[in-house]
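**Q** I have a structure here, written as C-alpha coordinates, and I will follow up with some questions on it.
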Amino acid sequence: MTAEDMDPLLQKMDDELAGWSEPAERLRYALAKDELVLYCQPIAALSGAVRFPMAEVLVRLHEEEKALLPPGQFLPLFEHYRLMPDLDRWVVGKVVQHLARGSRIPRFTVNVSSQTLEDPAFPKAVAIELVSASVRGTALHFEISEADTIARLDASVRFATAIRAVGCGLLVSGFGHRTATFLPLKTLRPDYVKVDGTIVRKLLTAPAAEAKLKAILRVGEVMGYQVIAEMVEDQDILVRLKALGVAYAQGFGIQQPHPIERIAVAAGTG
(Lines give C-alpha, C1' and ligand atoms only; values in the text may rest on other atoms or scores of the structure.)
Protein backbone atom coordinates (compact mmCIF):
# COMPACT_ATOMS: atom_id res chain seq x y z
CA MET A 1 0.00 0.00 0.00
CA THR A 2 1.41 3.39 -1.01
CA ALA A 3 1.61 6.50 1.14
CA GLU A 4 -1.11 8.04 -1.02
CA ASP A 5 -3.38 5.09 -0.28
CA MET A 6 -2.60 5.17 3.43
CA ASP A 7 -3.31 8.87 3.99
CA PRO A 8 -7.11 8.57 3.48
CA LEU A 9 -7.14 5.55 5.82
CA LEU A 10 -5.37 7.48 8.55
CA GLN A 11 -7.69 10.45 8.08
CA LYS A 12 -10.74 8.19 8.26
CA MET A 13 -9.41 6.61 11.41
CA ASP A 14 -8.74 10.02 12.94
CA ASP A 15 -12.31 11.05 12.11
CA GLU A 16 -13.81 7.90 13.60
CA LEU A 17 -11.55 7.84 16.65
CA ALA A 18 -12.11 11.37 17.82
CA GLY A 19 -10.60 11.89 21.24
CA TRP A 20 -7.67 9.52 20.68
CA SER A 21 -4.37 11.32 20.19
CA GLU A 22 -2.53 8.25 18.85
CA PRO A 23 -4.09 5.70 16.45
CA ALA A 24 -1.46 3.15 17.52
CA GLU A 25 -2.70 3.49 21.08
CA ARG A 26 -6.24 2.81 19.84
CA LEU A 27 -5.12 -0.37 18.09
CA ARG A 28 -3.37 -1.60 21.24
CA TYR A 29 -6.55 -0.85 23.18
CA ALA A 30 -8.54 -2.93 20.69
CA LEU A 31 -6.25 -5.90 21.35
CA ALA A 32 -6.33 -5.43 25.12
CA LYS A 33 -10.14 -5.25 25.17
CA ASP A 34 -10.67 -8.10 22.67
CA GLU A 35 -12.49 -5.91 20.18
CA LEU A 36 -11.49 -8.34 17.43
CA VAL A 37 -12.94 -11.75 16.71
CA LEU A 38 -11.48 -14.92 15.25
CA TYR A 39 -12.96 -16.75 12.30
CA CYS A 40 -11.62 -19.91 10.75
CA GLN A 41 -11.98 -21.72 7.44
CA PRO A 42 -11.67 -25.52 7.61
CA ILE A 43 -9.21 -27.36 5.39
CA ALA A 44 -10.67 -30.62 4.09
CA ALA A 45 -8.79 -33.89 3.80
CA LEU A 46 -9.57 -35.43 0.41
CA SER A 47 -9.14 -38.95 1.80
CA GLY A 48 -9.29 -40.55 5.22
CA ALA A 49 -11.81 -40.63 8.04
CA VAL A 50 -11.34 -37.10 9.41
CA ARG A 51 -12.93 -34.60 7.06
CA PHE A 52 -11.52 -31.41 8.61
CA PRO A 53 -8.19 -32.14 10.32
CA MET A 54 -7.23 -28.46 10.38
CA ALA A 55 -8.47 -24.93 9.76
CA GLU A 56 -6.94 -21.58 8.89
CA VAL A 57 -7.44 -18.79 11.43
CA LEU A 58 -8.72 -15.44 10.14
CA VAL A 59 -9.14 -12.11 11.96
CA ARG A 60 -12.34 -10.09 11.69
CA LEU A 61 -14.00 -7.17 13.47
CA HIS A 62 -17.19 -7.33 15.49
CA GLU A 63 -19.94 -6.23 13.12
CA GLU A 64 -21.48 -3.99 15.74
CA GLU A 65 -18.16 -2.28 16.51
CA LYS A 66 -18.20 1.24 15.05
CA ALA A 67 -14.97 2.58 16.57
CA LEU A 68 -12.58 0.73 14.26
CA LEU A 69 -12.14 0.73 10.51
CA PRO A 70 -13.75 -1.91 8.30
CA PRO A 71 -11.79 -5.18 7.84
CA GLY A 72 -10.33 -4.23 4.47
CA GLN A 73 -8.56 -1.29 6.11
CA PHE A 74 -7.74 -3.01 9.36
CA LEU A 75 -4.56 -4.99 8.70
CA PRO A 76 -2.85 -2.21 6.71
CA LEU A 77 -3.10 0.02 9.77
CA PHE A 78 -1.48 -2.59 11.99
CA GLU A 79 1.25 -2.90 9.39
CA HIS A 80 1.68 0.87 9.16
CA TYR A 81 2.17 1.21 12.92
CA ARG A 82 4.44 -1.87 13.11
CA LEU A 83 1.95 -3.66 15.36
CA MET A 84 1.56 -6.90 13.40
CA PRO A 85 3.60 -8.91 15.96
CA ASP A 86 1.19 -7.72 18.67
CA LEU A 87 -1.77 -8.79 16.57
CA ASP A 88 -0.19 -12.17 15.77
CA ARG A 89 0.48 -12.77 19.48
CA TRP A 90 -3.15 -11.94 20.26
CA VAL A 91 -4.32 -14.42 17.61
CA VAL A 92 -2.09 -17.19 18.96
CA GLY A 93 -3.29 -16.59 22.51
CA LYS A 94 -6.95 -16.82 21.53
CA VAL A 95 -6.44 -19.92 19.37
CA VAL A 96 -4.58 -21.69 22.18
CA GLN A 97 -7.44 -20.86 24.56
CA HIS A 98 -9.91 -22.52 22.16
CA LEU A 99 -7.71 -25.58 21.82
CA ALA A 100 -7.41 -25.86 25.59
CA ARG A 101 -11.20 -25.91 25.92
CA GLY A 102 -11.47 -28.77 23.42
CA SER A 103 -11.89 -28.61 19.66
CA ARG A 104 -13.43 -30.79 16.98
CA ILE A 105 -10.73 -29.41 14.70
CA PRO A 106 -7.44 -30.57 16.22
CA ARG A 107 -5.05 -28.21 14.42
CA PHE A 108 -5.09 -24.56 13.40
CA THR A 109 -2.90 -22.68 10.95
CA VAL A 110 -1.95 -19.09 11.75
CA ASN A 111 -0.68 -16.61 9.17
CA VAL A 112 2.61 -14.96 10.07
CA SER A 113 3.19 -11.38 8.97
CA SER A 114 6.44 -10.13 7.52
CA GLN A 115 7.04 -8.09 10.68
CA THR A 116 6.54 -11.13 12.91
CA LEU A 117 9.06 -13.14 10.90
CA GLU A 118 11.63 -10.57 11.98
CA ASP A 119 10.60 -10.72 15.67
CA PRO A 120 12.94 -13.10 17.54
CA ALA A 121 10.73 -13.02 20.64
CA PHE A 122 7.63 -14.37 18.91
CA PRO A 123 8.45 -18.13 19.06
CA LYS A 124 9.15 -17.82 22.80
CA ALA A 125 5.79 -16.09 23.26
CA VAL A 126 4.12 -18.99 21.43
CA ALA A 127 5.89 -21.50 23.69
CA ILE A 128 4.69 -19.68 26.81
CA GLU A 129 1.08 -19.71 25.57
CA LEU A 130 1.23 -23.44 24.77
CA VAL A 131 2.84 -24.44 28.06
CA SER A 132 0.50 -22.26 30.13
CA ALA A 133 -2.55 -23.86 28.50
CA SER A 134 -1.11 -27.42 28.36
CA VAL A 135 -1.60 -27.51 24.58
CA ARG A 136 0.76 -29.48 22.34
CA GLY A 137 2.79 -27.51 19.83
CA THR A 138 1.64 -29.80 17.04
CA ALA A 139 -1.82 -28.20 17.31
CA LEU A 140 -0.42 -25.00 15.75
CA HIS A 141 1.08 -24.57 12.30
CA PHE A 142 2.31 -21.24 11.00
CA GLU A 143 1.83 -20.02 7.43
CA ILE A 144 4.59 -18.06 5.69
CA SER A 145 3.68 -16.52 2.34
CA GLU A 146 5.64 -17.45 -0.75
CA ALA A 147 6.49 -13.76 -1.12
CA ASP A 148 8.19 -13.75 2.28
CA THR A 149 10.08 -16.96 1.59
CA ILE A 150 11.62 -15.18 -1.41
CA ALA A 151 12.14 -11.68 -0.02
CA ARG A 152 12.98 -12.73 3.55
CA LEU A 153 14.42 -16.22 3.23
CA ASP A 154 16.96 -15.81 6.04
CA ALA A 155 14.30 -14.50 8.42
CA SER A 156 11.95 -17.31 7.32
CA VAL A 157 14.61 -19.93 8.08
CA ARG A 158 15.29 -18.45 11.52
CA PHE A 159 11.57 -18.37 12.25
CA ALA A 160 11.03 -21.93 11.00
CA THR A 161 13.89 -23.26 13.13
CA ALA A 162 12.64 -21.50 16.26
CA ILE A 163 8.98 -22.41 15.81
CA ARG A 164 9.83 -26.07 15.17
CA ALA A 165 11.81 -26.10 18.42
CA VAL A 166 8.52 -25.22 20.12
CA GLY A 167 6.90 -28.24 18.44
CA CYS A 168 4.83 -26.34 15.89
CA GLY A 169 4.61 -26.99 12.15
CA LEU A 170 5.15 -24.88 9.06
CA LEU A 171 3.25 -24.07 5.85
CA VAL A 172 4.21 -22.08 2.80
CA SER A 173 1.11 -20.40 1.34
CA GLY A 174 0.34 -18.97 -2.08
CA PHE A 175 2.99 -21.14 -3.67
CA GLY A 176 3.40 -20.96 -7.45
CA HIS A 177 2.02 -17.45 -7.82
CA ARG A 178 5.28 -15.52 -8.06
CA THR A 179 7.96 -18.00 -8.99
CA ALA A 180 8.71 -21.42 -10.40
CA THR A 181 11.68 -22.08 -8.10
CA PHE A 182 11.54 -24.69 -5.38
CA LEU A 183 14.61 -23.34 -3.56
CA PRO A 184 12.63 -21.79 -0.66
CA LEU A 185 10.84 -25.12 -0.10
CA LYS A 186 14.13 -27.01 -0.19
CA THR A 187 15.55 -24.61 2.37
CA LEU A 188 12.55 -24.42 4.69
CA ARG A 189 11.28 -28.00 4.40
CA PRO A 190 7.65 -27.11 5.25
CA ASP A 191 5.11 -29.67 6.40
CA TYR A 192 2.51 -28.36 3.95
CA VAL A 193 2.51 -26.27 0.78
CA LYS A 194 -0.60 -24.32 -0.21
CA VAL A 195 -0.89 -24.05 -3.98
CA ASP A 196 -1.94 -20.56 -5.02
CA GLY A 197 -5.54 -20.06 -6.05
CA THR A 198 -4.55 -18.69 -9.46
CA ILE A 199 -3.29 -22.19 -10.30
CA VAL A 200 -6.23 -24.01 -8.74
CA ARG A 201 -8.88 -21.90 -10.48
CA LYS A 202 -7.34 -22.57 -13.92
CA LEU A 203 -6.89 -26.29 -13.33
CA LEU A 204 -9.60 -27.37 -15.79
CA THR A 205 -8.96 -24.75 -18.46
CA ALA A 206 -5.19 -24.22 -18.61
CA PRO A 207 -2.86 -27.20 -19.19
CA ALA A 208 0.02 -25.13 -17.80
CA ALA A 209 -1.78 -24.86 -14.45
CA GLU A 210 -2.17 -28.63 -14.17
CA ALA A 211 1.45 -29.14 -15.20
CA LYS A 212 2.60 -26.76 -12.47
CA LEU A 213 0.44 -28.51 -9.87
CA LYS A 214 1.82 -31.91 -10.91
CA ALA A 215 5.36 -30.57 -10.55
CA ILE A 216 4.57 -29.32 -7.03
CA LEU A 217 3.15 -32.74 -6.16
CA ARG A 218 6.21 -34.57 -7.51
CA VAL A 219 8.59 -32.37 -5.56
CA GLY A 220 6.44 -32.90 -2.47
CA GLU A 221 6.95 -36.65 -2.74
CA VAL A 222 10.71 -36.07 -2.60
CA MET A 223 10.78 -33.33 0.03
CA GLY A 224 8.07 -34.80 2.24
CA TYR A 225 5.52 -31.98 2.28
CA GLN A 226 1.81 -32.43 1.62
CA VAL A 227 -0.17 -30.23 -0.75
CA ILE A 228 -3.18 -28.06 0.06
CA ALA A 229 -5.15 -26.55 -2.83
CA GLU A 230 -6.54 -23.16 -1.81
CA MET A 231 -9.47 -21.15 -3.19
CA VAL A 232 -11.40 -24.24 -4.28
CA GLU A 233 -14.81 -23.00 -5.40
CA ASP A 234 -15.91 -25.58 -7.98
CA GLN A 235 -16.85 -29.22 -7.41
CA ASP A 236 -15.39 -30.26 -10.77
CA ILE A 237 -12.05 -28.84 -9.65
CA LEU A 238 -12.37 -30.74 -6.39
CA VAL A 239 -12.87 -33.99 -8.31
CA ARG A 240 -9.78 -33.26 -10.40
CA LEU A 241 -7.72 -32.47 -7.32
CA LYS A 242 -8.63 -35.85 -5.85
CA ALA A 243 -7.71 -37.61 -9.09
CA LEU A 244 -4.30 -35.90 -9.10
CA GLY A 245 -3.60 -37.02 -5.54
CA VAL A 246 -3.81 -33.68 -3.76
CA ALA A 247 -4.16 -34.36 -0.03
CA TYR A 248 -6.12 -31.30 1.16
CA ALA A 249 -8.35 -28.53 -0.16
CA GLN A 250 -9.71 -25.25 1.16
CA GLY A 251 -12.14 -22.72 -0.26
CA PHE A 252 -15.68 -21.40 -0.44
CA GLY A 253 -16.71 -24.47 -2.45
CA ILE A 254 -15.91 -26.60 0.60
CA GLN A 255 -16.82 -24.40 3.54
CA GLN A 256 -16.95 -20.67 4.13
CA PRO A 257 -15.27 -19.02 7.13
CA HIS A 258 -17.26 -18.97 10.37
CA PRO A 259 -16.65 -17.66 13.88
CA ILE A 260 -14.22 -20.03 15.51
CA GLU A 261 -16.62 -20.75 18.38
CA ARG A 262 -19.23 -22.04 15.96
CA ILE A 263 -17.18 -24.84 14.43
CA ALA A 264 -14.18 -25.38 16.71
CA VAL A 265 -15.79 -26.41 20.00
CA ALA A 266 -15.83 -30.06 21.02
CA ALA A 267 -18.98 -32.02 20.25
CA GLY A 268 -21.64 -31.57 22.87
CA THR A 269 -20.25 -28.29 24.21
CA GLY A 270 -21.17 -25.81 21.51
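The values are calculated or read from the model by the stated rules, or taken from the named source; none is laboratory data. If you're wondering where the values come from, they're calculated on a predicted model, not measured in any experiment. When we count neighbours, we look across all protein chains shown, and the Cβ atoms used for this are built from the backbone with ideal geometry, even at glycine. In case anyone asks, the SASA skips ligands and DNA or RNA and just uses the protein heavy atoms, side chains included. Shrake-Rupley method; radii C 1.70, N 1.55, O 1.52, S 1.80 Å.
**Q** Name the long-range amide H neighbours of Met54: under 5 Å, sequence gap of 5 or more, or other chain; modelled H, no Pro or chain starts.
**A** Amide H to amide H, under 5 Å and 5 or more residues apart or across chains, Met54 pairs with Ile43.
**Q** Going by average Cβ neighbours within 10 Å, how do the peptides 162-171, 37-46 rank, with the highest at the top?
**A** Details: 162-171: 19.3, 37-46: 21.0.
Top of the packing list down: 37-46, 162-171.
**Q** With a probe of 1.4 Å, find how much accessible area segment 88-201 has per residue, and write the answer as a whole number in Å².
**A** On the way: 4700 Å² over 114 residues.
That works out to 41 Å² per residue.
**Q** May I ask you to rank Phe252, Phe182, Phe74 by accessible area, largest first, using a 1.4 Å probe over the protein chains only?
**A** Numbers: Phe252 125, Phe182 50, Phe74 10 Å².
Largest accessible area first, the list is Phe252, Phe182, Phe74.
**Q** Quick one: which of Lys194/Lys242; Lys124/Lys186; Lys214/Lys242; Lys33/Lys124; Lys186/Lys212 span more than 21 angstrom between C-alpha atoms?
**A** On the way: Lys194/Lys242 15 Å; Lys124/Lys186 25 Å; Lys214/Lys242 12 Å; Lys33/Lys124 23 Å; Lys186/Lys212 17 Å.
In this structure, Lys124/Lys186; Lys33/Lys124 lie more than 21 Å apart at Cα.
**Q** Another question, then. Pop out the carbon and sulfur fraction of the accessible area of segment 113-243 as a percent, whole number, probe 1.4 Å. Don't jump to the answer; show the numbers that get you there.
**A** On the way: 3350 of 6170 Å².
The value for segment 113-243 is 54 percent carbon and sulfur by accessible area.
**Q** If you count, for each residue, the other Cβ atoms within 10 Å and average over each peptide, how do 226-235, 125-134 line up from highest to lowest?
**A** On the way: 226-235: 20.3, 125-134: 16.5.
With the highest mean Cβ count within 10 Å placed first, the list reads 226-235, 125-134.
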